[in-house]
Every structure is written in structure tokens, then in C-alpha cells.
Amino acid sequence: MKKQLWVCFLVLFLVVSAQAAGTKTGLMAWAGGTISRYEGTPIPVGIPETDYKNSWRTGFNLGLGLELKFARIPLAFRLGLGYLEKGTKLDIYYLDTKTGSYPYRLSTLSHTGLARMNFSGKWTPYLLFGYDLDFILKHRGQPFGLGGPDLKPDTRKIDFCLVAGAGLEFKGQKMSPFVEVRYHHGLVNLSRGTGSLEYYPSIKSRALVLGAGLKSGKS
């Protein structure tokens, strides 16, 4: 995890240096929904015919950001900070029959560092790629081991995701509305394999983040 933190600090240094060299700055605000699930399932204990499968569940996200656009090239850097809700719906099967489901909710403080590649036009499509560093605020769901529904003590403190996405922005003189979709691919196993997650040895996050917002300043 130290490597991921160093990557974040390096990106921040490069962005600040680029601003000193002369760039356009825009403030951003956005909100939207998330569709997410976990990769990894609990170990069946006691009833070998029991199986588990993850399905998608919904959440929401909101945040503020700073965008720095380079002159003469269609590239910008974006730093964001906000709230991002992820999780999963763990479906329970006995043989081939679904018998129930357990919802899991993972609440995070999300820091994103994204590069944005722009295309020309009044309606401007763009591509995004970068990282998402999530600090775990809350994790609740069905325990698989000794403990209750508060899973945070047995969950790692930080999630690190690779991000890719696309969006569409309408260029305005003072305010520019935009919509975008991003895919967040978690690299960290969030389960410590202890306490309430003793029999849930692997949890990795997967999320589609949908958002709409406004950016100040001329694009």
C-alpha cells in the first residue's frame, strides 16, 4: 500500500508543477449512482451443498474536484475527493435453488487522480484513466465468523482501484455540465480473514460509477 500512496503523491506533485507552468483551472462538483459487487465469496461451512454468488447492488456517490488543463494539448489532470458507496448482494443457493441474499455496504472516502483526454467540439467527448484511493469509513453485512454486522474491524483500511471511463461535456463560457461513467477495479483484498470475516477470505471491489455535474471556468 505504501507504493500506491507514493503514486498519489507523485501525481499531486506533477499536477502542481504543471499548474506553475501555466494551465487552465476548473472547479468541479458531481453526484450520481454506483452499481457494484465483490469478487470473492465465503467458504461454505457445515452444509457442503450451499453455494454463494455475488450480484450487483446500487449505491451513490458525490464529490468535488480540481481540473488542470494543459495548453495546446488535449490533456488534463483531475484530482477529486468525495463519498463513494460500494458493496455487493451475496446470493445464497442450496443446490441450484436460491434461498436468500445478504446485502453488504462499503462506505468510503474516495480520492481520485485521473488523466482526461479530450476531443474537439461544442459537445466534447472525453476518456478517463487513473486511480481511486478509498479510505474505508464503514463496512456492514452478514458476518462469516465470530462477530456482528459491523465488519470494519476485520476489513482493511484502504482500497486501491484502477479506473477507466468516458464522458461527455457541453462547453460553456462560465459553467460546463458533464455526464460520465467510470469503472473502478479494486486491487486490494479487503478481508483480513479474521473475526467476522474469518470464512470470507477474499473480497475485492468492482464498481461502475455514474455521475453528472458542473465544471466552472471555460474549457
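The values are calculated or read from the model by the stated rules, or taken from the named source; none is laboratory data. Small disclaimer: the values here were computed from a predicted structure and weren't measured. No Cβ is skipped: glycine too gets one built from the backbone with ideal geometry, and neighbour counts run over all protein chains shown.
Points worth noting:
- Flag for residue 104 being aromatic (Phe, Trp, Tyr), in a strand (DSSP E or B) and surrounded by 21 or more Cβ atoms within 10 Å (Cβ to Cβ): yes
- Residue match in segment 82-96 (condition: under 17 Å from the mean Cα position of the chain (by Cα), surrounded by 15 or more Cβ atoms within 10 Å (Cβ to Cβ) and farther than 25 Å from residue 200 by Cβ): yes
- Selection of segment 53-74 for residues being more than 26 Å from residue 90 (Cβ to Cβ), assigned to a strand (DSSP E or B) and over 14 Å from the mean Cα position of the chain (by Cα) yields 64, 65, 66, 67, 68, 69, 70.
Every residue, every condition in (1) in contact with a Leu (Cβ under 9 Å, 6 or more places away or on another chain); (2) farther than 25 Å from residue 189 by Cα; (3) of a type in the set (Asp, Glu); (4) touching a residue at least 60 places away in the same chain (Cβ under 8 Å), yes or no:
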{"site": "60", "(1), (2), (3), (4)": "yes, no, no, no"}
{"site": "70", "(1), (2), (3), (4)": "no, yes, no, no"}
{"site": "94", "(1), (2), (3), (4)": "no, yes, no, no"}
{"site": "99", "(1), (2), (3), (4)": "no, yes, no, no"}
{"site": "106", "(1), (2), (3), (4)": "yes, no, no, yes"}
{"site": "110", "(1), (2), (3), (4)": "yes, no, no, no"}
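- Residue ID - nearest to residue 145 (Cα to Cα), chosen from residues in segment 175-186 that are at pLDDT 95 or above, touching a Ser or Thr at 6+ places or on another chain (Cβ under 9 Å) and not basic (Lys, Arg): 186
- Residue 112 meets each of the listed conditions (1) at pLDDT 95 or above; (2) exposed (fewer than 13 other Cβ atoms within 10 Å of the Cβ) apart from (2).
- Boolean, residue 41 is assigned to a loop (DSSP other than H, G, I, E, B), out of contact with any His (no Cβ under 7 Å at 6 or more places or on another chain) and buried (at least 16 other Cβ atoms within 10 Å of the Cβ): yes
- Residues of segment 2-54 satisfying the condition of being of a type in the set (Val, Ile, Thr) and either modelled with pLDDT of 55 or more or out of contact with any Phe, Trp or Tyr (no Cβ under 6 Å at 6 or more places or on another chain) (or both): 7, 11, 16, 23, 25, 34, 35, 41, 43, 45, 47, 50
- Selection from segment 146-162 of residues that are assigned to a strand (DSSP E or B) and under 14 Å from residue 190 (Cβ atoms): 155, 158, 159, 160, 161
- All conditions but one from (1) modelled with pLDDT under 95; (2) basic (Lys, Arg); (3) touching a Lys or Arg at 6+ places or on another chain (Cβ under 6 Å) apply to residue 218; the one that does not is (3).
- Conditions (1) part of a strand (DSSP E or B); (2) out of contact with any helix residue (DSSP H, G or I) (no Cβ under 6 Å at 6 or more places or on another chain); (3) at pLDDT 90 or above; number of the one not met by residue 77: (2)
Quick grid of which residues meet (1) crowded, with 21+ Cβ neighbours inside 10 Å; (2) in a strand (DSSP E or B):
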| site | (1), (2) |
| --- | --- |
| 125 | no, yes |
| 132 | yes, yes |
| 137 | no, yes |
| 144 | yes, no |
| 164 | no, yes |
| 199 | no, no |
| 212 | no, yes |
